[in-house]
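Here, each number is a calculation from the coordinates, and none is a lab measurement. Please read these numbers as outputs of a predicted model, since none were measured by experiment.
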Amino acid sequence: MTTNTDNKHAVKSTEETARTVVVTPIADVYSEGSKLVVEAEMPGLSKENIEAHMENQVLSISAQQQKIKAKRGHKWRIKFERKFHLNGHYDVNQIEAKYGDGILKVFIPKKDEETAKKLSIA
């Protein structure tokens, strides 16, 4: 139910609104051969609701739980968000991600040191 108080702003009643709780997922970051692996616990989601991207050496993961949980008459949405600032050289074009059993795994290949340091002089 939506009510208009002054024809300029629509105000939603508490029946339609839900509070969003932002959760920072528990995560492990480790090296596995020539890859950096980020594992984040994100239970109760479908992989279609998870977003991951890397920009300027920052890996960002987020997701929103579509189910609304009612507790004491309040509705809640759960949103997962976490950022990882990476040091070093990584091949962002070769990143892979898998989701299963509530765990998101992101595999980020390290660039070959020689390739990362080689400069072309004009």
- Links that overshoot a 22 Å alpha carbon limit, given the list 83/105; 79/110; 35/98; 75/98: 79/110; 75/98
- Two-decimal Rg/Rh across the stretch 17-112, once Rg and the Kirkwood Rh are taken from alpha-carbon atoms: 1.05
- The answer for residue 90, listing residues at least 5 apart or on another chain whose modeled amide H is closer than 5 Å to its amide H, is 111
